[in-house]
1. Need at least 3 residues that are surrounded by 16 or more Cβ atoms within 10 Å (Cβ to Cβ) and either at pLDDT 95 or above or not charged (D, E, K, R) (or both) per element, so show me which strands (runs of 3 or more DSSP E) inside segment 1-58 make the cut, counting only ones lying wholly within it.
2. Tell me the residue from T103, T130 that is modelled with pLDDT of 95 or more, part of a helix (DSSP H, G or I) and in contact with an Asp or Glu (Cβ under 6 Å, 6 or more places away or on another chain), please.
3. Given the structure, is I224 of a type in the set (V, I, T), modelled with pLDDT of 95 or more and not in a helix (DSSP H, G or I)?
4. What number goes with the only condition from (1) part of a helix (DSSP H, G or I); (2) more than 16 Å from K192 (Cα to Cα) that N116 does not pass?
5. Please name all residue pairs, on different chains or six or more residues apart, with Cβ atoms under 6 Å, provided the first residue is in segment 193-220 and is more than 20 Å from I168 (Cα to Cα) and part of a loop (DSSP other than H, G, I, E, B) and the second residue is among the hydroxyl-bearing types (S, T, Y) and at pLDDT 95 or above.
6. Would you point out the residue of segment 227-251, among those that are part of a helix (DSSP H, G or I) and in contact (Cβ under 8 Å) with a residue 60 or more places away in the chain, that is surrounded by the fewest Cβ atoms within 10 Å (Cβ to Cβ)?
7. So E274 passes all but one of these: (1) surrounded by 20 or more Cβ atoms within 10 Å (Cβ to Cβ); (2) at pLDDT below 95. Which condition number does it fail?
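The values are calculated or read from the model by the stated rules, or taken from the named source; none is laboratory data. Note that the coordinates shown come from a computational prediction; the quantities given were computed from them, not determined experimentally. Positions of Cβ are generated from backbone atoms using ideal geometry, with glycine treated the same way; all protein chains shown enter the neighbour counts.
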Amino acid sequence: MYTLNCKGRLLSLKQPLVMGILNYTRDSFYQGSRLPDKEAVLKSAIHMAEAGVDIIDIGAQSTRLGSTRISADEEIEKLAGLIPEIIKSTDKIISIDTYHASTAAAMVEAGAHIVNDISGGTMDPQMIDTVGKLGVPYICMHIKGTPENMQQHTDYRDILGEVLQYFIERTDKCRKAGIHDIIIDPGFGFAKTIDQNYYLLKNLAAFKIFDLPILAGLSRKSSIYKTLQITPEEALNGTTVLNTIALMNGAHILRVHDVKEAREAVSLFKVYTEATGN
């Protein structure tokens, strides 16, 4: 059983957890997650807490293909006052979604408990050392390139082998920096084709070799809505299907837009595993 030390609060992963996505930006690929102001962010956080969320993951910029970059200073300006308000309103574990080391440091000082970095420390060379000094859990995601150009980097000779090798190198760097709690995220949709995403999902259990918690971020992504020829707004059912597959293949954390539905999937998965002895 894994546990995460979130600034003295122990978070057990005996059962899969649900991480809710809070996007304080108008630039998200999914219209339902675009939160234009602080009031909307707080309202959404409270709604997630009431729906049973375990972790609230908040970020100030979109990382979809072609999204607009904002600076660390802009992130800090938008989020610094919000973190304490969210904690006060929900008392939930807060994850800060950023690839800027200075944002991570400022948000942990403001009260955040976890750093979630889409770049695994590749977009800011100070990130991993910073998180090691902060003493908080680190979500290390696989990506090639940046959100602007990642879909130009989908050439792999052996995608599973290359992603595993990436995590061998990244987790070693994390441990050397003093990071004790590492969560690995294969990065569904980041520098990967639809077929590659499904291949990694099928082989998600291969990541158990690291003996670390695995996060799956599949919610409403193009692998769902493009495959079904629908919109992200119509992709909830498909999300639940892929989340269930991820759970059955070893995911410990589901990162989602729709907390209630993900919580229901986790509850049914728990009953299933207890009934089958898996």
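1. 17-23
2. Residue meeting the stated conditions: T103.
3. no
4. Every condition holds for N116 apart from (1).
5. Filtered contacts from segment 193-220: S219/T239; R220/T239.
6. Taking the candidates together, the pick is E233.
7. It fails just one condition, (1).
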